[in-house]
Number of protein chains: 2
Amino acid sequence: MPMARASTTNDVFNAIGEPKRRAILEQLVVQQMTVGELVDAMEWPQPTVSKHLKVLREVNLVAETRVGRFHYYRVKPDELRPVQEWIHQFEKYWGGALEQLDSYLIDIQNNGEKSD
Amino acid sequence: MPMARASTTNDVFNAIGEPKRRAILEQLVVQQMTVGELVDAMEWPQPTVSKHLKVLREVNLVAETRVGRFHYYRVKPDELRPVQEWIHQFEKYWGGALEQLDSYLIDIQNNGEKSD
DNA sequence: ATATCATATACCCATATAGGTATATGTAAA
DNA sequence: TTTACATATACCTATATGGGTATATGATAT
C-alpha cells in the first residue's frame, strides 16, 4: 500500500505555485474586489474563482469582508514575507555562481573528469 | 468531458512549492553535493531525491556536473529572481493593509454596491 | 570479463486537485 | 411572500504527481 503524495495547497509556497492564484493576487493587490468583479476580470467560471479564493483564504493570503451579498477580497501582503525571506538566503549568490564554480574546479582537479 | 488540471511542476514557482524540493535547494546552496550525499543528508530514498532533482533540473534551478559516476548538483540561485520580482510588487504594501482598509470603508459608505 | 557502486528511470499505486456542472446558501429587491 | 442576485459548495472526472519498489544505465574497480 503505497503512501501517497502529501497535501500541498495548505501552505503559502504551494498556494502561489498555481498560476491562476498568482493572477488573482495580482488583481487584488491593485484593489480589493468582489468575487463577481474577479470573475469579470479573469473571465473564468465563478466556481473556479471561488475555489481558488478558498485556497488563498486558507493560507491567509487573502481576507474577506462581506457587505450584503458581496464578498470583498483583499490581499494580505505580509503573508508573502516567508517566501521573500526564504528567497533571501539565496540572494547573496546572485550574479555569482563563482564560489560554486571554484569548488567545482577543485573537484574536477581532485577527481579527473567533468561534463555539463 | 472534464478538462483536467494543468501541469504545474514545469515552472519555478511550483518547483519550490514542494517542501522536499525547498529542502534540497537549502542543502545545495550551502555546498554542491552528489546525489548520494543528498540522500545521506535528507534521509530519503535515493529515487525520491533523484526525481525531485529532475524537477529542479527541468526548471533550471539546479545544474549537474558529472564526475565519473558521481553527479554533482548545485543551485542556480539566479533562477529564483522571477519569484523575488513577483513578490516585490507586494512589498510596498507590507506592514500596512491600511490603504486597502480605507478603500473598503469608502466602498461600504458608498452603500457597498458594485459598479458594473 | 565481472562485480560493485552511483544514479536515473520505469512501473505501480494512492491521492491531491484543477476543471466543469449543478445545486445550496444567503441576501436583497420586487 | 417570491424573485433575482452573489457566492459557496457538493459532486464528478481526468490527470498530475509524490512515494515505493524494482530495474536499467553507466562508471569504476578488481
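The values are calculated or read from the model by the stated rules, or taken from the named source; none is laboratory data. These numbers were taken from a predicted model, which means no experiment stands behind them. We place every Cβ from the backbone using ideal geometry, glycine too, and count neighbours over all the protein chains shown. These area figures cover heavy atoms from the full protein model, side chains too; ligands, DNA and RNA do not enter into them. Shrake-Rupley method; radii C 1.70, N 1.55, O 1.52, S 1.80 Å.
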### Task
Determine if region A:41-50 includes at least one residue that is part of a helix (DSSP H, G or I), farther than 28 Å from B:Arg21 by Cβ and more than 8 Å from DNA strand D (Cβ to nearest atom).
yes
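Conditions (1) closer than 30 Å to B:Pro45 by Cα; (2) within 11 Å of another protein chain (Cβ to nearest Cβ); (3) over 13 Å from the mean Cα position of the chain (by Cα), marked per residue:
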residue	(1), (2), (3)
A:Asp11	yes, yes, no
A:Gln31	no, yes, yes
A:Glu79	no, yes, no
A:Pro82	yes, yes, no
### Query
Out of region A:55-97, which residues are farther than 16 Å from A:Gln27 by Cα and among the charged types (D, E, K, R)?
A:Glu58, A:Arg66, A:Arg69, A:Asp78, A:Glu79, A:Arg81, A:Glu85, A:Glu91, A:Lys92
### Task
Among the residues of region B:60-74, write down those that are within 15 Å of B:Ala15 (Cα to Cα), of a type in the set (A, V, I, L, M, F, W, C) and either more than 7 Å from chain A (Cβ to nearest Cβ) or open to solvent by 60 Å² or more (accessible area, probe 1.4 Å) (or both).
B:Leu61, B:Val62
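Those residues that are hydroxyl-bearing (Ser, Thr, Tyr) and modelled with pLDDT of 95 or more, I need them from region A:57-116; list them, please.
If the condition is that a residue be hydroxyl-bearing (Ser, Thr, Tyr) and modelled with pLDDT of 95 or more, then A:Thr65, A:Tyr72, A:Tyr73 are the ones that fit.
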### Task
Just name the residue that is nearest to B:Trp94 (Cα to Cα) out of those in region A:32-51 that are β-branched (Val, Ile, Thr) and touching a residue at least 12 places away in the same chain (Cβ under 8 Å).
A:Thr34
### Message
Given (1) under 21 Å from B:Lys92 (Cβ atoms); (2) surrounded by fewer than 19 Cβ atoms within 10 Å (Cβ to Cβ), identify the lone condition not met by A:Lys54.
### Response
(1)
### Residue that is nearest to the other protein chains (Cβ to nearest Cβ) [pool: residues in region B:19-28 that are away from DNA strand D (no atom under 13 Å from the Cβ) and either open to solvent by 10 Å² or more (accessible area, probe 1.4 Å) or in a strand (DSSP E or B) (or both)]
B:Glu26
